[in-house]
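The structure appears below as structure tokens.
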Amino acid sequence: MILYPAIDIRGGHAVRLVQGDYERETAYDADPVDAAVRWAGEGARFLHVVDLDGAKAGAPRNLEAVRRIAAAVDCPIQVGGGLRDAEAVAAVLDAGAERVVIGTAALRDPGFLDAMLESHGERAVVSVDARDGKVALAGWTEAGEEGVVEAVAELSSRGVPRFLCTAIEVDGTMEGPALDQLSRIAAATKAQVIASGGVGDISDLETLAQEAAPNVEGVIVGRALYERRFTVAQGIEVLAAAN
């Protein structure tokens, strides 16, 4: 299982939100490149970058930061936030991303998703984020009606190779991951799944590695790393030992 350190960018800074609430923000690094270099220096195999401004605006807003992060580290990065048309996806890939994370547009525009899967294949990740078991849209600012498990099953049938699934209720809380929901999501697809939300200490990683389905390939961790509950190196070691 891969540990994906998170770098959420808002207003040019590396921040974390609690439960997706833009009013409950904590800033950690004035320059997100500092966070990227720190996580890479501790052994990160992949970084997860979110353009929070872009997610809210519906188009990328921190491309220069993405370029600088990609240039500063040797490990690959995946980037999401406001990727709702082909031009935005191309811009992020041109900025140095290895993967693009597509959220709202994947659910609202089937033709766009099909085109991105055809053009980018394994480089495309679909983000399906859940609040109360329902899909959340538009940077988590809109509540959808579709169940998250049903959404994953439907998208999987169309060839999505990898999902990123966030449990919004626990995201940024460090209260532990939503394992039951993760299990239902993983059972609904044969695609790879990246879990996100709730990791607060090293025991949460141990639990995920031991109990998550085989197709849960990774876990995104943000606040727990920024607050030094454990290091990237320690997290990688625990995940490797559990495997």
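Of note:
- Candidate set from the stretch 207-229 (those that are over 19 Å from the mean Cα position of the chain (by Cα) and of a type outside the set (D, E, K, R)); member that is farthest from THR173 (Cα to Cα): GLN210
- Number of the condition not met by ARG61 [criteria: (1) more than 28 Å from GLU175 (Cβ to Cβ); (2) in a helix (DSSP H, G or I)]: (2)
- For the stretch 187-223, taking the residues that are within 22 Å of VAL152 (Cα to Cα) and among the hydroxyl-bearing types (Ser, Thr, Tyr), the one that is modelled with the highest pLDDT is identified as THR189.
- Scanning the stretch 210-243 for residues that are open to solvent by less than 70 Å² (accessible area, probe 1.4 Å), under 21 Å from THR189 (Cα atoms) and not acidic (Asp, Glu) yields ALA212, ALA213, ASN215, VAL216, GLY218, VAL219, ILE220.
- Within the stretch 115-139, the set of residues being among the small types (Gly, Ala, Ser), in contact with a helix residue (DSSP H, G or I) (Cβ under 8 Å, 6 or more places away or on another chain) and within 14 Å of VAL100 (Cα to Cα) comprises ALA115, SER119, ALA124, SER127.
- Against the conditions (1) modelled with pLDDT under 95; (2) buried (at least 18 other Cβ atoms within 10 Å of the Cβ), ARG61 satisfies every one except (1).
- For first residues located in the stretch 88-110 and within 26 Å of ALA151 (Cα to Cα), partners that are aromatic (Phe, Trp, Tyr) and lie 6+ apart or on another chain with Cβ distances below 6 Å form the pairs ALA105/PHE112.
- Qualifying residue in the stretch 28-46 (condition: crowded, with 24+ Cβ neighbours inside 10 Å, farther than 27 Å from PRO161 by Cβ, small (Gly, Ala, Ser) and touching a residue at least 60 places away in the same chain (Cβ under 8 Å)): yes
The values are calculated or read from the model by the stated rules, or taken from the named source; none is laboratory data. Note that this is a predicted model, so its numbers are computed, not measured. A quick note on method: Cβ atoms are made from the backbone with ideal geometry, for glycine too, and the neighbour counts reach across all protein chains shown. These accessible areas exclude ligands, DNA and RNA; they are computed on the full protein's heavy atoms, side chains included. Shrake-Rupley method; radii C 1.70, N 1.55, O 1.52, S 1.80 Å.
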